Amino acid sequence: MSAADVLLSRLTTEEGERIYPYDDATGKNVTAPVGNLSWGRGFNLMQCGSSGLFGAMEVYLIAQLDKALQAYPWYMRGGDVRGSVFLDIAYNAGLHGLTAGFPKMIAAATAGDWPIAAKECAVANSHLDASRYAPLRALLLSG
């Protein structure tokens with residue numbers, strides 16, 4: 001098992017699965033003013049959503065993030081469960097969002113101080129903190 005496998009096993013539960021494009025701040029479906037939302041090489045986002053496609057995209061994106069994070073000793077030192085927390089945040093906020101947005105958590109992880117890393121795995125939005133980051137804090141503590 002790897003950090004990527006640990007994250008993949010819980011993503012559908014954490015993120016849910018929605019066939020149509022949506023605004024992640026409001027949860028409301030998004031539609032184009034005229035025509036269909038499209039992406040990439042003409043993928044009609046109003047028609048191409050499926051569990052199979054989501055799974056392939058997750059595996060690809062997480063593999064790319066995992067490869068990039070392997071350059072950081074704090075990521076490698078944490079083990080698979082803690083590594084999945086870093087991957088989870090990078091998956092949602094981007095690699096820069098993880099490294100720039102959580103410097104105290106990363107400093108604590110570098111020092112191997114997991115209780116402090118867990119404390120610093122937090123955001124100002126209380127609803128988001130309770131729903132998304134509290135479970136991640138528990139994973140940092142459980143190792």
If you place +1 on the Cβ of every Lys and Arg, -1 on the Cβ of every Asp and Glu, and leave all else neutral, what size is the dipole of the chain about its Cα centre, to the nearest 20 Debye? 160 debye
Can you tell which of Leu136, Met105, Leu65 lies farthest toward the positive end of the dipole of the chain, using +1 and -1 charges on the Cβ of basic and acidic side chains (Lys, Arg; Asp, Glu)? Met105
Given a 10 angstrom Cα cut-off, can you work out which residue in Gly79, Gly101, Gly16 is the most mobile in a GNM of the chain? Gly16
Mind ranking 83-90, 113-120, 34-41 by how tightly packed they are, going by the mean number of other C-beta atoms within 10 angstrom, highest first? 83-90, 113-120, 34-41
Who wins for biggest fluctuation among Arg18, Arg82, Arg132 in a Gaussian network model of the chain, springs between alpha carbons below 10 Å? Arg18
Mean projected area (nm²) of the alpha-carbon convex hull when the range 12-143 is viewed from all directions: 8.9 nm²
Mind checking the angle between helix 79-101 and the chain's longest principal axis? C-alpha axes, 0 to 90 degrees, to the nearest 10. 60 degrees
Kirkwood hydrodynamic radius for the range 71-113: how many Å is it when counted over pairs of different Cα atoms? 10.2 Å
Can you tell me the 0 to 90 degree angle between the C-alpha axis of helix 51-69 and the longest principal axis of the chain, rounded to 10? 40 degrees
Is it possible to state the helix-based mean residue ellipticity at 222 nm for the chain, with each DSSP H run of 4+ residues giving -39500 (n - 2.57), the sum divided by total residues, to the nearest 500 deg cm²/dmol? What is it? -18000 deg cm²/dmol
Relative to the chain, whose Cα atoms define the longest principal axis, helix 3-15 and its Cα axis are tilted in degrees, nearest 10, by 50 degrees
Would you look at the GNM of the chain, springs on alpha carbons closer than 10 Å, and say which of Ile19, Ile106, Ile62 moves the most? Ile19
Total formal charge among the other residues, if their Cβ is under 12 angstrom from that of Gly52, Lys/Arg +1 and Asp/Glu -1: -2
Extreme residue, positive dipole direction of the range 1-139, given options Phe54, Gly16, Ala32 (C-beta unit charges): Ala32
How much net charge surrounds Ile89 when only the other residues with a Cβ under 12 Å from the Cβ of Ile89 are counted, with Lys and Arg +1 and Asp and Glu -1? 0
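Read-outs throughout are calculated quantities, based only on the coordinates presented, and are distinct from any laboratory measurement. Being a predicted model, the structure only gives us computed values, none of them experimental. As a convention, Cβ positions derive from the backbone with ideal geometry for all residues, glycine included, and neighbour counts pool all protein chains shown.
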